[in-house]
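Asker: Below are the structure tokens for one structure; questions will follow.
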Amino acid sequence: MTEGQTDVRMWVTAVILMGEDTRDPDACIRSLLRGTYVPGILIVDDSAGRLPEETYKEKYPGITIFRTGLKTGKWHAANCGLHLVRTPYALLLSPDVQAGRSMTERLLDAMLAEERCYAAQARIVRAGEPGRTESTGVLLSAAGQVGRRDRGRTAKGFRPGTVFAPDVRAAMFSMNAIEDIGLFDERLTGIAAEADLGCRAQRIDGKCLFVPGARAGISEEGSLRDSADDPHAAAEALYVLDKNLPAPLLALCAPARAAGTRLLRKRYAQGGDDTIWQKAIERSRSLSAVRIREDLLREAGVSVTKQPLPEESLTRPEDPACGKVYPLYVGTGMRTEAGDLPSVARLAWQLVRNIPGAARRTEN
């Protein structure tokens, strides 16, 4: 620790999510250790053992490495990291990201100042294009469109405020709030998991703050790798709406969803992905059917047995051994009581308001 730095390891743990296709976390670790606030560091290695553990522990004394031992997927890895955190706050990061010097300090200060804050979002910029924004959070619309907020926007004129959901490549979370909201839904494979967390948080009046002064740079490879322009992500967004909105509000959103689905199908067909889109839609419908069946069984008092990761998410595992891995969290339908109506109505209104913004940003 040098002059001008503050040790916040008792307050914040940075959780670096390393997958098989991400870069090594050296640059990310060094950026955290150079910061004005220095957090504890936990690396979740979901790369099937690519990270040389002893080398990293020798190079960076005090860091912790947790190996999943397999390629279990981003959201299982994220949930493992959050499950292991023992500090009040967790800072989720992609190894493709380098934290700005004051990023941790600004995010923590913002969270301490806002009582209802469950997450604080950094401004992610493209390392090769410092004037170009990569993300300021995640948007979901009533039409089922999901995307990175402000992607491609010139990095000027940003103001503090709230965003629909956090982009976990550089966002801080309150662990107390996560206990109330739940972890990331491991039935999902892409950006829709972040949108789903945002929906569940807003149902209990949680806020995700955007802190423009908290800056993080992402590599060009990381920007391309985490593109939200994916048929499966778009189809999963429809499942997220199904599980978070009550039937009357879903019916009100039906025209927007139908128009959004037609638009997306046409778009992917033009790109030669019509078959992929159809398979993605079928999987989304199957996820909804499984969720509804399980919810009915729970309401009837019947125990529902958790299935291994591939079976829960209705996907083929890259590693057959994943058939023995069970998820830490899978989503259920969100019940709506009379007292929930104001917050659910606000969520639905926000989803409607996001339609033009999500449509524009999913084109970038």
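Rule-based calculations on the coordinates, nothing more; no lab input. Given the structure is predicted, the values throughout are model-derived calculations rather than measurements. Neighbour counts are summed over all protein chains in view; Cβ atoms, including those assigned to glycine, are modelled from backbone coordinates with ideal geometry.
Asker: With the dipole of the chain worked out from charges on the C-beta (+1 for Lys and Arg, -1 for Asp and Glu) around the Cα centre, which of Pro356, Thr332, Ser286 lies farthest toward the positive end?
Answerer: The listed residue farthest towards the positive side: Pro356.
Asker: Charges only on Cβ, +1 for Lys and Arg, -1 for Asp and Glu: so what's the dipole of region 1-158 about the Cα centre, in debye to the nearest 20? Let's see the in-between values first.
Answerer: Values: 22 positive and 19 negative charges, 97 e Å.
Approximately 460 debye in magnitude.
Asker: So, one more: Using the alpha-carbon centroid of each, what span in Å lies between region 56-77 and region 2-47?
Answerer: Each part reduced to its Cα centre gives a spacing of 12 Å.
Asker: Cα axis of helix 274-299 to longest principal axis of the chain: angle in degrees, 0 to 90, nearest 10?
Answerer: Relative to the chain, helix 274-299 is tipped by roughly 80 degrees.
Asker: Out of Leu82, Ala48, Gly198, whose Cα points farthest toward the positive end of the dipole of the chain (charges: +1 Lys, Arg; -1 Asp, Glu; placed on Cβ)?
Answerer: So the residue we want is Gly198.
Asker: Charges only on Cβ, +1 for Lys and Arg, -1 for Asp and Glu: so what's the dipole of region 292-339 about the Cα centre, in debye to the nearest 20?
Answerer: Details: 6 positive and 8 negative charges, 17 e Å.
That gives region 292-339 a dipole magnitude of about 80 debye.
Asker: Wrap a convex hull around the Cα atoms of region 252-293, take a quarter of its surface area, and give that in square nanometres. Before the final figure, lay out each step's value.
Answerer: Details: hull surface 12.8 nm².
Averaged projected hull area, Cα only: 3.2 nm².
Asker: OK, next. Taking the Cα atoms only, what angle lies between the long axis of helix 74-84 and the longest principal axis of the chain, rounded to 10 degrees?
Answerer: Once rounded, one gets 60 degrees.
Asker: Which number do you get for Rg(Cα) / (2.2 N^0.38 Å) in the chain?
Answerer: Working: Rg = 19.7 Å, N = 364, 2.2 N^0.38 = 20.7 Å.
Ratio of Cα Rg to 2.2 N^0.38 Å: 0.95.
Asker: Over 21 Å between C-alpha atoms is what I'm after, so list which of Lys74/Lys266; Lys279/Lys306; Lys74/Lys306; Lys74/Lys324 land there.
Answerer: Working: Lys74/Lys266 29 Å; Lys279/Lys306 24 Å; Lys74/Lys306 19 Å; Lys74/Lys324 17 Å.
Cα-Cα > 21 Å for Lys74/Lys266; Lys279/Lys306; rest within.
Asker: What net charge is computed for the residues neighbouring Val211, neighbours being all others with C-beta under 15 Å from the C-beta of Val211, Lys and Arg scored +1, Asp and Glu -1?
Answerer: Numbers: positive: Arg101, Arg106, Arg123, Arg149, Arg159, Arg169, Lys207, Arg215; negative: Glu105, Asp109, Glu114, Asp150, Asp167.
So the surrounding residues net to +3.
Asker: Would you work out the charge dipole size for the chain about its Cα centre, treating the Cβ of every Lys and Arg as +1 and the Cβ of every Asp and Glu as -1, and quote it to the nearest 20 debye?
Answerer: Values: 50 positive and 47 negative charges, 205 e Å.
Its charge dipole is roughly 980 debye.
Asker: Now, a different point. Using only Cα atoms and rounding to the nearest 10 degrees, what angle (0 to 90) does helix 192-203 make with the longest principal axis of the chain?
Answerer: 80
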